[in-house]
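The values are calculated or read from the model by the stated rules, or taken from the named source; none is laboratory data. Here the structure is a predicted model, which means the values were calculated and not measured. Cβ placement follows ideal geometry from the backbone for every residue including glycine, while neighbour counts extend to all protein chains displayed.
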Amino acid sequence: MSIQDLISRIETAKSNLEGLKDQVPRDQSSASKIHGWEPSVDRPGFAFIETESGGVKATAGLMSTEDPNGIFRQKGLSGEVEGTVITDLHGGTGNPRDGIKAGVGVYEANLDIAAAAEFYGAPLPDEANVANLEFKAAAASAEASVGKDGLTAGATASLVEGGFTVGYSSAENEQDETVRLVGVAGQGYAARLHWDDADSDGFREFGLGGDYSFLSADIKTEDPLRTLLSGGNTSGGVGGNLIMDPILPEGNLTESVANKFGLSIKDENAPNA
Ligand SMILES: [Ca+2]
C-alpha cells in the first residue's frame, strides 16, 4: 500500500465518522454564513461570527489590512475563537480543519518578499522563490486540530516573535522544499505534521514542525529521501545542493525508490500532476 493510499484511507475513515455525527456530508454542507462586520477598506475594525455546518468561528479586532498584490498583511488588537466538528474554517486558507483553536494578539504582520520582488520587476530566482517574513507582538494561541493539510497540537505565548520562511515551491517541480524558522521571546510547546499538496502537483509536501520554548520551526519537502540525504536543499545549500545534487538522480528520489518496490507517493489524479 502506498503512503498516498494510507492517507486517503485515513481521510475516508475520518469522513465516514463525520458522516455518522451529521448526516450532511462535508462537500454538500451549506456555504459559510457571516454575522457581523468583516474587515473592509473603509472600516478598520472588524467583529463577526462565521458559522458553517458543524463549526463556528468568532473573531474581532481593531485593524486588518492586506494589500491587493498579496505582499503585506497586518492585523491589530485581534482575537479569535474557533471550534469545529465538520467545517472548512481555518483562517481562510481553505484547508478544512476539525478541532479547536483560540488566539489573541496585539499586532501581527506578514511580508511576502517573493511577491514584492516580482511586483517591483526583480523576481527571485526559481530555485529560491519562497521568502516570507513574519512578526508578532504580544500574542498567544492554542490549537488542537487535524485536517486535509496536516495536524496541529499545542500552545504558544510570546512578547515578540519574528522569523522567516525560505525555499522553493512550484507545481513544475517535484522536489519542493521550504524551511520556516521563528524566534520566540516567550514560551511555546506545539507539534505539527504537514501533508498538504498546496501546489496540487500530486506530490504532498510532507513535513514536521513544532514550537519548543524560544524556537518555532517547520520543514516541508516533496522529496523526503532527497532532503534526508542532502541535508536539505534549502538548509544545507552548500553541502546539500552543490555536492549531492550532481550525485543524486534528477526527479523525485523518494518516488524513484518507492517505484522500485512497486509503490508510489504520487497522486496521478491531482489537478497539476
Ligand atoms: Ca506538491
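Each residue in region 211-231 was checked for being within 15 Å of the ligand (Cβ to nearest atom) and either part of a loop (DSSP other than H, G, I, E, B) or buried (at least 23 other Cβ atoms within 10 Å of the Cβ) (or both), and 6 of them qualify. Of A116, A128, A122, all but one fail to be of a type in the set (G, A, S) and buried (at least 16 other Cβ atoms within 10 Å of the Cβ); the exception is A116. Checking the stated criteria, G207 turns out to be crowded, with 19+ Cβ neighbours inside 10 Å, touching a strand residue (DSSP E or B) at 6+ places or on another chain (Cβ under 9 Å) and assigned to a strand (DSSP E or B). The set of residues in region 170-210 that are near the ligand (Cβ under 10 Å from one of its atoms) and hydroxyl-bearing (S, T, Y) comprises S170, S200.
All of (1) within 16 Å of the chain's Cα centre (by Cα); (2) among the basic types (K, R); (3) more than 16 Å from the ligand (Cβ to nearest atom) hold for K148 with one exception: (3). Note on region 178-204: among residues that are among the aliphatic types (A, V, I, L, M) and surrounded by 19 or more Cβ atoms within 10 Å (Cβ to Cβ), the one that is nearest to N259 (Cα to Cα) is V179. Taken over region 151-169, the criterion of being farther than 25 Å from E11 by Cβ, within 16 Å of the ligand (Cβ to nearest atom) and small (G, A, S) is satisfied by G167 alone. Of all residues in region 233-273 being within 17 Å of S169 (Cα to Cα), out of contact with any Ser or Thr (no Cβ under 8 Å at 6 or more places or on another chain) and in a loop (DSSP other than H, G, I, E, B), which is modelled with the highest pLDDT? The residue in question is N252. Look at (1) of a type outside the set (S, T, Y); (2) touching a Pro at 6+ places or on another chain (Cβ under 9 Å); (3) in contact (Cβ under 8 Å) with a residue 60 or more places away in the chain and you find that G147 fails only one, number (3).
Evaluate the following for L124: is it closer than 30 Å to A273 by Cα, more than 16 Å from the ligand (Cβ to nearest atom), at pLDDT below 95 and in a strand (DSSP E or B)? The answer is no for L124.
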